[in-house]
Amino acid sequence: MSPRAGGPVADRPRALAVERVGAGERIVLVHGFTQTGRSWREIATRLSDHYEVLCVDLPGHGRSADVVAGDLSDAGRLLAEAAGEATYVGYSMGGRVALHSAFAHPAALRRLVLVGAHPGIEHEDARVARRRADDRLARRLEATGTDHLGIDDFLAEWLAAPHFAHLDEAAAGLDARRENTAAGLARALRALGTGTQEFDRDRLRGLAMPVLVVAGGLDRTFIELGRQLTAVIGENATFTAVPGVGHAVPFEAPHRFAELLGNWLRAP
């Protein structure tokens, strides 16, 4: 049985795919669920005049579709190994993974930026319920097969959800999302979904690097979660809401996001 069809973990690659552009201080851009590193290309281009920018494909996504992560901690380790010492910028699922890189490999993270990222679900019963919902979604994904028609159907449904329904074609970035496979996305949901993330107050308080927490000004859920996350981390964390955009801040307003990130990196 081939790895893509669900072969033994030992047969699968263990290094994440990375694209690099530019030169200078390193920034690592970590995408959300159903995206790939290619989703960041407009922002990477804007930043590459002053920075070395790495765009990573997370486990189960893009050219890392066959890379298996057992859980968020494992994915965080794989990310740190692929990216090295840098500022890590994680969006949504990418924020969860980057946060776990910070927990396990703090020396690798000069700074951490979390965009539309969940701080974790505090109560076990709520985490179980979310894992069950993600598992149902994963099983539906597996039922689509790996053909693009099936993936297109799933992506159309995913992008019709409230967080994304308002996105225009450029912000939705469908071409990059089509690089994924149903099997890879299903594995990612089960290993890296929101239901797998505990709210770990002690480890959040222990983050010593500067942290920027970002939410879209129209994304009320993640404004509340972002403020909660910032308060728990403490004095080295800053919260910013970007007016007029929703959950997918970097892709709805790439120019403003790149400017926000650059200004924060240059600040004392």
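The values are calculated or read from the model by the stated rules, or taken from the named source; none is laboratory data. Please read all numbers here as calculations on a predicted model, not as lab measurements. Glycine also receives a Cβ, built like all others from the backbone with ideal geometry; neighbour counts cover every protein chain displayed.
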Counting residues that are closer than 15 Å to G95 by Cβ and not basic (K, R), which helices (runs of 4 or more DSSP H) fully inside region 200-268 reach at least 2? 220-233, 249-252, 254-266
Scan of region 205-219 for residues that are crowded, with 21+ Cβ neighbours inside 10 Å and either more than 15 Å from A117 (Cα to Cα) or aliphatic (A, V, I, L, M) (or both), ordered by number: V211, L212, V213, V214, A215
Which pairs have Cβ atoms under 7 Å, sit 6 or more apart or on different chains, and link a residue in region 23-51 that is within 17 Å of L260 (Cα to Cα) to one that is modelled with pLDDT under 95 and among the hydrophobic types (A, V, I, L, M, F, W, C)? none
Pairs with Cβ under 8 Å, 6+ apart, first in region 187-199 and touching a residue at least 12 places away in the same chain (Cβ under 8 Å), second in a loop (DSSP other than H, G, I, E, B) and β-branched (V, I, T): R187/V68; A191/V68
3 or more residues at pLDDT 95 or above, surrounded by fewer than 24 Cβ atoms within 10 Å (Cβ to Cβ) and among the aliphatic types (A, V, I, L, M): qualifying strands (runs of 3 or more DSSP E) within region 15-76: none
Of the residues that make up region 186-198, is at least one touching a Leu at 6+ places or on another chain (Cβ under 6 Å), surrounded by 18 or more Cβ atoms within 10 Å (Cβ to Cβ), over 15 Å from S92 (Cα atoms) and of a type outside the set (S, T, Y)? yes
Tell me yes or no: at least one residue of region 195-210 is polar (S, T, N, Q) and over 19 Å from the mean Cα position of the chain (by Cα). no
